[in-house]
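Q: The structure is given below, and queries will be raised subsequently.
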Amino acid sequence: MLNVNSIDVYHGDIQALKKVSFRAEANQIISMVGSNGAGKTTTLLTISGFHRSTSGSITFEEVRIDRLGPHEIVELGLVQVPEGRMIFYDMTAMENLEMGCYSSRARKNFQESLAEVMDLFPILNDRKNQMAGTLSGGEQQMLAIGRGLMARPKLLMLDEPSQGLAPIIVDNIFTVIKAIKERGTSIMLVEQNIFHALSISNMAYVIENGEIIMEGKGEELLGDERIKEAYLGL
C-alpha cells in the first residue's frame, strides 16, 4: 500500500533520515518506534509532503507521491494526524470535524463519516458544540483522530497519539486504533509508548539516528532482548 524506498532527508546541513526504507501493507497496523529525535516525525512529514527527500522514492497504491503537495496526498487517501493534536482551539468540536472534510473525496461522504466518528467517540457527540480548546487532553486527541477520519483515509498515520495522556485514556486510544483497523482503515503508528505500539502491530520498524535498525512482527520485537533492554527497561 505504501512503499518508502531508500529516502534521504536533510534539515539544512543535518541529515535527518538515511536510506530509510519500509512498507505498509493494506489492512494492517504498522508501527515505527524509537526514542526522541530518532526521525519518526520527519518520516511522517516526508510521506505527507511537508519535507522533501533528496533521494529515493515514496509510492502510495503504486502512485509516486514524493513530489506531490500535502493536499494532493490527502486526496489520494493518505492522511496524517499530527503530533500535538493541532486542532483548531477557537472552533467548536463539530467545526473541527467539518474541517477534516475539505477534500472533494471526503465531502460527498460527510454524513457517513460523521456517524462513524461519533460511533467511535461518543463523547464528541456530547461535546460537538463546545470550543475545542476547552476539551480535556484525551477529548482533544479523540477530536484530532476524528478529524483525520473525516478525510476518509485509506491509510491513517498517527503521530504520538498517546502523548501526554493518562494511562486509562491511553488504553482507550489504543483500543480505538484497533477498532479503526478492523473497520478497514490501515494504520501507520509512530509512538514512544513502545509496549502499546508493538502489542497491536502486525509489523514494526525501529528507527535510531535516522536509520531503520530493526524490523519484524510486533510481537516478535516485543520479545526481543535488545528492545526490552533499550526501550522497556526490562
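The values are calculated or read from the model by the stated rules, or taken from the named source; none is laboratory data. All figures in this text were calculated on a predicted structure; none of them were measured in a lab. FYI the Cβ positions are ideal-geometry reconstructions off the backbone, even for glycines, and counts take in every protein chain you see.
Q: Six or more apart or on different chains, Cβ under 7 Å: which pairs go from a residue in segment 94-114 that's at negative phi and at pLDDT 95 or above to one that's of a type in the set (S, T, N, Q) and not in a helix (DSSP H, G or I)? Could you list them?
A: If the second residue must be of a type in the set (S, T, N, Q) and not in a helix (DSSP H, G or I), the pairs left are MET94/ASN129.
Q: Considering segment 108-159 alone, what residues qualify as being touching a strand residue (DSSP E or B) at 6+ places or on another chain (Cβ under 9 Å), over 20 Å from GLU182 (Cβ atoms) and basic (Lys, Arg)?
A: Correct list: ARG127, LYS128, ARG147.
Residues checked against (1) touching a Cys at 6+ places or on another chain (Cβ under 6 Å); (2) of a type in the set (Val, Ile, Thr); (3) under 22 Å from ASN125 (Cα atoms):
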position	(1), (2), (3)
ILE145	no, yes, yes
PRO153	no, no, yes
VAL170	no, yes, yes
ALA179	no, no, yes
PHE195	no, no, no
LEU198	no, no, no
ASN202	no, no, no
ILE207	no, yes, no
MET214	no, no, no
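Q: Is it the case that segment 214-232 has a residue that's among the hydroxyl-bearing types (Ser, Thr, Tyr) and under 24 Å from LEU2 (Cα atoms)?
A: Scanning segment 214-232 turns up no residue that is among the hydroxyl-bearing types (Ser, Thr, Tyr) and under 24 Å from LEU2 (Cα atoms).
Q: If you don't mind, there's one more thing I want to ask. Tell me the residue from ARG147, ARG127, ARG152, ARG105 that is surrounded by fewer than 17 Cβ atoms within 10 Å (Cβ to Cβ) and in contact with a helix residue (DSSP H, G or I) (Cβ under 7 Å, 6 or more places away or on another chain), please. Before the answer, list the steps.
A: On the way: ARG147 fails: surrounded by fewer than 17 Cβ atoms within 10 Å (Cβ to Cβ); ARG127 fails: surrounded by fewer than 17 Cβ atoms within 10 Å (Cβ to Cβ); ARG152 fails: surrounded by fewer than 17 Cβ atoms within 10 Å (Cβ to Cβ).
Step by step, each of ARG147, ARG127, ARG152, ARG105 is checked, and only ARG105 is surrounded by fewer than 17 Cβ atoms within 10 Å (Cβ to Cβ) and in contact with a helix residue (DSSP H, G or I) (Cβ under 7 Å, 6 or more places away or on another chain).
Q: If only one of ARG85, ARG52 is in contact with a strand residue (DSSP E or B) (Cβ under 9 Å, 6 or more places away or on another chain), of a type in the set (Lys, Arg) and either at pLDDT 95 or above or closer than 22 Å to ALA179 by Cβ (or both), which one is it? Explain how you work it out, then say what you get.
A: Details: ARG85 fails: in contact with a strand residue (DSSP E or B) (Cβ under 9 Å, 6 or more places away or on another chain).
Step by step, each of ARG85, ARG52 is checked, and only ARG52 is in contact with a strand residue (DSSP E or B) (Cβ under 9 Å, 6 or more places away or on another chain), of a type in the set (Lys, Arg) and either at pLDDT 95 or above or closer than 22 Å to ALA179 by Cβ (or both).
Q: For segment 139-234, which helices (runs of 4 or more DSSP H) that fit wholly inside it have 1 or more residues that are free of Cβ contacts under 8 Å to residues at least 40 places away in the same chain, polar (S, T, N, Q) and over 23 Å from GLY37 (Cβ atoms)?
A: Numbers: elements: 167-182, 194-200, 218-222.
In segment 139-234, the matching helices (runs of 4 or more DSSP H) lie at 167-182, 194-200.
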